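J.: What follows is a structure written as structure tokens; I'll ask about it next.
The values are calculated or read from the model by the stated rules, or taken from the named source; none is laboratory data. Quantities reported herein were computed from a predicted structural model and do not represent experimental measurements. Positions of Cβ are backbone-derived with ideal geometry, glycine not excepted, and every protein chain shown enters the neighbour counts.
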Amino acid sequence: MLQQGLGAVGRIEQVGGMPIEEDVDLDTGARDEPLPARPALPPTVEFSDVRFGYPGRGPALRGISYTVAGGTQTALVGLSGAGKTTMFALLQRFYEPESGRILLDGVDIATLPRAEVRRRIAYVEQDSPVLAGTIEDNLRYAATDATDEDIAEALRLTRLDALIARLPDGLRTEVGTRGVTLSGGERQRLAIARALLRKPEVLLLDEATAALDASNERALREAVDQAARTCTVLLIAHRLSTVTGADQIVVLEHGRVRAAGSHRELVETDELYRELAASQMLVGGEDG
């Protein structure tokens with residue numbers, strides 16, 4: 001117990017010594033000029049020669065460049081350690097690039113307050129947290145001013161409306177600690193609905209279907225397709241079956257962009273992607 005306590009104290013001291021982000025408050029009264037207006041259409045996302053390395057480790061990104069058109073889906077694929085999650089962290093300004101720029105509709109995110117960047121972006125991780133409380137509590141957690149119509153639309157987009165209709169208590173149904181009363185697919189779709197209620201311009205999905213069965217995976221893919229109508233979607237996936245319909249697939253290797261294109265194009269032109277697809281039995285028939 002003493003060793004555990006000493007370890008905890010050491011960790012607390014490490015956290016206490018971390019630099020503080022001073023621009024995470026959305027209060028813009030102190031700014032000399034107003035924040036840029038939110039675009040009427042989903043923004044383009046551009047990585048321009050971005051390089052980054054974690055302290056004490058080798059380079060994680062080695063000159064990454066690609067563009068995601070507004071209102072489209074782009075999937076990031078590649079072996080572990082290729083830099084996929086690092087790009088998501090940089091896009092949310094948890095870290096800053098060593099060089100290069102990340103642009104939202106042509107605006108360098110380094111020139112925007114972190115609060116503004118994160119307001120525009122919603123992030124759904126592989127095992128998204130669900131809090132003890134009701135379904136409605138979880139939905140309103142990051143969008144306390146959401147209207148009933150907003151909630152109904154988010155439920156429709158994520159195909160959760162049928163589930164709510166079946167539950168005797170509807171939105172007031174208790175989900176239990178960590179959402180134990182919901183299936184894995186329902187928890188993930190609830191997380192996406194919660195993200196969509198924030199009305200983000202960019203939606204980031206990090207392995208959102210990794211632990212789902214085929215039925216829930218299909219429902220989640222439909223939810224992502226619906227979400228792409230209102231925002232720009234970037235998703236990380238090891239299971240290629242979830243991204244074969246993406247508008248663009250970016251293949252990463254050792255912190256570099258190896259190839260980019262549609263599923264069919266990459267199967268025909270890129271050896272690494274073809275090997276990944278073959279290992280998941282996605283190459284065959286007309287794709288072979």
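J.: Restricting to the stretch 170-203, and then to whatever is more than 23 Å from the chain's Cα centre (by Cα) and in a helix (DSSP H, G or I), can you tell me which residue is surrounded by the most Cβ atoms within 10 Å (Cβ to Cβ)?
T.: So the residue we want is 171.
J.: Moving to a separate point now. Just give me the residues in the stretch 55-69 being farther than 15 Å from residue 249 by Cα and surrounded by fewer than 22 Cβ atoms within 10 Å (Cβ to Cβ), in sequence order.
T.: 55, 56, 57, 58, 59, 62, 63, listed by residue number.
J.: Looking at the stretch 148-164, I want the residues that are under 14 Å from residue 187 (Cβ atoms) and have a partner that is modelled with pLDDT of 85 or more and in a loop (DSSP other than H, G, I, E, B) with Cβ atoms under 7 Å, at least 6 apart or on another chain. Which pairs are those?
T.: none
J.: Output the number of the condition that residue 76 fails; it satisfies all remaining conditions of (1) of a type in the set (A, V, I, L, M); (2) exposed (fewer than 14 other Cβ atoms within 10 Å of the Cβ); (3) in contact (Cβ under 8 Å) with a residue 40 or more places away in the chain.
T.: Just one mismatch for residue 76, condition (2).
J.: If you don't mind, another one. Residues to consider are 167, 163, 131; find the one that is crowded, with 16+ Cβ neighbours inside 10 Å and of a type in the set (A, V, I, L, M, F, W, C).
T.: It is 163.
J.: Could you please let me know if residue 110 is more than 22 Å from residue 205 (Cβ to Cβ), of a type outside the set (Lys, Arg), surrounded by fewer than 18 Cβ atoms within 10 Å (Cβ to Cβ) and touching a Ser or Thr at 6+ places or on another chain (Cβ under 6 Å)?
T.: Taking the combined requirement at face value, the residue does not satisfy it.
J.: In the stretch 138-190, how many are touching a helix residue (DSSP H, G or I) at 6+ places or on another chain (Cβ under 7 Å), under 25 Å from residue 218 (Cα atoms) and of a type outside the set (A, V, I, L, M)?
T.: 15
J.: Step by step: first the residues of the stretch 247-273, then only those that are part of a helix (DSSP H, G or I) and of a type in the set (A, V, I, L, M, F, W, C), then the one that is surrounded by the most Cβ atoms within 10 Å (Cβ to Cβ). Which residue is that?
T.: Checking each candidate, the answer is 266.
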